[in-house]
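Working notes, structure below.
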Amino acid sequence: MASYVDEIKRRRTFAIISHPDAGKTTLTEKLLLYGGAISLAGSVKGKKTAKHAVSDWMEIEKQRGISVTSSVMQFNYQGFCINILDTPGHEDFSEDTYRTLMAADSAVMVIDASKGVEKQTRKLFKVCTLRNIPIFTFINKMDREARDPFDLMEEIEKELGIQTFPMNWPIGSGKEFKGVYDRNKKEIIAFKANNGQHEVEATKVDITDERLNTLIGEDHRSTLEDDILLLDGAGYEFDLEAVRSGKLSPVFFGSALTNFGVEPFLEEFLNMTTSPLPRDSDIGLIDPFDKEFSAFVFKIQANMNKAHRDRIAFMRICSGKFDRSLEVYHMQGGKKMKLLQPQQLMAQDREVIDEAYAGDIIGVFDPGIFSIGDTLCSSSKKFLFGGIPTFAPEHFSRVQQVDTMKRKQFVKGMTQIAQEGAIQIFQELGGGMEEVIVGVVGTLQFDVLEYRLKNEYNVDIRMEGLPYQYIRWIENSDLDLKTLNLTSDTKRIQDLRGHHLLIFANEWSIRWAQEHNEGLVLAEFGRS
Ligand code: G4P
């Protein structure tokens, strides 16, 4: 039997990020197919059913059973044990999307070759860089008309501020897509178009092979030769250390739909990524190979069963081995406990598990005691993990209860939902809880709030959208907010812990605040 150290060594835990429609689901599915975790394409998630109207929120939550199970997928491939963390797309976009990235050791960024860097990629990328995790780029849909690959590289470097190293290089695109050139092996993997757009045949040919002219045509060959010269001469050097510290992103071109370039990508990716990385804590870095179990909570899923307000807490194991008999210490609660009903997720199935290792994600029954960012460890070695930042909401509403007699339930519901991390609550300076400002990352969170207050707390609310889009935490502790010189559309607010913040209608107002208030320090992420 493998030792716990071997088990940890073979783990790879990564998140897939992309703007909606770039091909994240398709790529994930192909990766799962390689691992034998699923046998049929199209089974990752009922994507069409996920397109919901607001009124079906209950339905969404029922489906959450599906979307939660498919949000972490584990499979084995060539001796590796791979955990893929899915980051929810447009409709479900919320702070959970960001928090999931806190549980990953690396990220795969899928980019649509005809579109390049898009809004959501940019946001998710920013969160990845908070932790300097390695970022691998898969430029997808090469079987469709694509933008010039040099332009795409330049855009990634400029917009995201990361160096790139193309591992392979495309030969044409769309109808003229002939395949990719593998820079390391110096061979062409030729793409043979077929109309069905299912799997494609890939032929490997050495760059010096005479058959190349017939295979890709003389024009493509000569363009490729020029491109290679340019890449070798003017591009960045490959540097594994730079990859592992998130400074250099290896780039792969391919087509997930036709399954072209996916397996070579997976193989290279597994060679370049590391087993679970040490995590920062208040007693220094925690080694994943440490025998003592430790984990932190990064996501809480409320159960929609009204009768039992139970929840599932998802945690990332950071060191050691977990088994069901293990007694753990919940730092924030100051209590020893056993983790109940531990579950792991395997493609569509949720299974109760007996053991798990550093790098794995487990969901446990939460009777309402866990909060996002909580640490669990063994009682012989107590410490706190660094916590999870508060991410900047981008939508704001003023929220009031309709019936003032229901004040108590309103306050209770609002605070509990905020504790779960489903919304962020702010107040007017010196204001109370009778009227609050709610900030969210994705607008679905407003619908969730309204639905849950009504169904779980029996409170109707009135919501009024506010015209703010940006929030900044004020880092200066000794500042009199009244003296700040701000534009008229900037608002001063506070969070429940009394931290002061500013909300802005546009970026221009943020610049104004910075230019007209010397020494003002604004942060984009809040400390938890
Ligand atoms: P997402 O999870 O990032 O939102 O994207 P998803 O994989 O669902 O892909 C979005 C659309 O792009 C899908 O088409 C999918 O089939 C297509 N697609 C993904 N990868 C490729 C590729 O390499 N080449 C081409 N040509 N298309 C690709 P759809 O019509 O919106 O959905 P569906 O009806 O195919 O499910």
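The values are calculated or read from the model by the stated rules, or taken from the named source; none is laboratory data. All of these numbers come straight from a predicted model, not from anything done at the bench. With ideal geometry, Cβ positions are generated from the backbone for all residues, glycine too; neighbour counts draw on all protein chains shown.
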Top-ranked residue of the range 452-482 - restricted to ones that are modelled with pLDDT of 90 or more and of a type in the set (Ser, Thr, Tyr), ranked as nearest to Arg407 (Cα to Cα): Tyr457
Name the residues in the range 491-516 that are at pLDDT below 95 and in a loop (DSSP other than H, G, I, E, B), would you? Leu496, Arg497, Gly498, His499
Of the residues in the range 381-412, those that are part of a strand (DSSP E or B), in contact with a Gly (Cβ under 9 Å, 6 or more places away or on another chain) and β-branched (Val, Ile, Thr) number 1
Is at least one residue of the range 117-131 within 13 Å of the ligand (Cβ to nearest atom), free of Cβ contacts under 8 Å to residues at least 60 places away in the same chain and not in a helix (DSSP H, G or I)? no
When the residues of the range 235-278 are narrowed to those that are more than 23 Å from Pro170 (Cα to Cα) and in contact with a Leu (Cβ under 7 Å, 6 or more places away or on another chain), which ends up nearest to the ligand (Cβ to nearest atom)? Ala242
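Yes or no: Gly432 small (Gly, Ala, Ser) and either within 26 Å of the chain's Cα centre (by Cα) or over 25 Å from Pro88 (Cβ atoms) (or both)? First the steps, then the outcome.
On the way: small (Gly, Ala, Ser): yes; either within 26 Å of the chain's Cα centre (by Cα) or over 25 Å from Pro88 (Cβ atoms) (or both): yes.
When the stated conditions are applied, Gly432 passes them.
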Tell me, yes or no, whether the range 209-226 has at least one residue that is closer than 26 Å to Val110 by Cβ, away from the ligand (no atom under 16 Å from the Cβ) and part of a loop (DSSP other than H, G, I, E, B). no
Checking Phe298 against (1) in a strand (DSSP E or B); (2) at pLDDT below 90, the condition it does not meet: (2)
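What do you reckon, is Asn271 loosely packed, with under 12 Cβ neighbours inside 10 Å and either outside any strand (DSSP E or B) or in contact with a Cys (Cβ under 9 Å, 6 or more places away or on another chain) (or both)? It would help to see each step written out before you state the result.
Values: loosely packed, with under 12 Cβ neighbours inside 10 Å: yes; either outside any strand (DSSP E or B) or in contact with a Cys (Cβ under 9 Å, 6 or more places away or on another chain) (or both): yes.
Yes: the conditions hold for Asn271.
Which residue is modelled with the lowest pLDDT, if the candidates are limited to the range 1-44 and must be assigned to a loop (DSSP other than H, G, I, E, B), out of contact with any helix residue (DSSP H, G or I) (no Cβ under 6 Å at 6 or more places or on another chain) and within 22 Å of Met142 (Cβ to Cβ)? Before the answer, list the steps.
Pass one, the range 1-44, residues assigned to a loop (DSSP other than H, G, I, E, B): 1-3, 10, 19-23, 36-44.
Remaining after also requiring out of contact with any helix residue (DSSP H, G or I) (no Cβ under 6 Å at 6 or more places or on another chain): 1-3, 10, 20-23, 36-37, 39-40, 42-43.
Filter again for within 22 Å of Met142 (Cβ to Cβ), leaving 20-23, 42.
Details: Pro20: 87, Asp21: 90, Ala22: 93, Gly23: 92, Gly42: 50.
Within the range 1-44, the match that is modelled with the lowest pLDDT is Gly42.
Yes/no per residue for (1) within 27 Å of Asp209 (Cα to Cα); (2) crowded, with 21+ Cβ neighbours inside 10 Å:
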site: Met142; (1), (2): yes, yes
site: Asp148; (1), (2): yes, no
site: Asp151; (1), (2): no, no
site: Ile171; (1), (2): yes, yes
site: Gly174; (1), (2): yes, no
site: Phe177; (1), (2): yes, yes
site: Val180; (1), (2): yes, yes
site: Asn184; (1), (2): yes, no
Can you find, within the range 435-451, the residue that is nearest to the chain's Cα centre (by Cα) among those that are modelled with pLDDT under 85 and of a type in the set (A, V, I, L, M, F, W, C)? Leu444
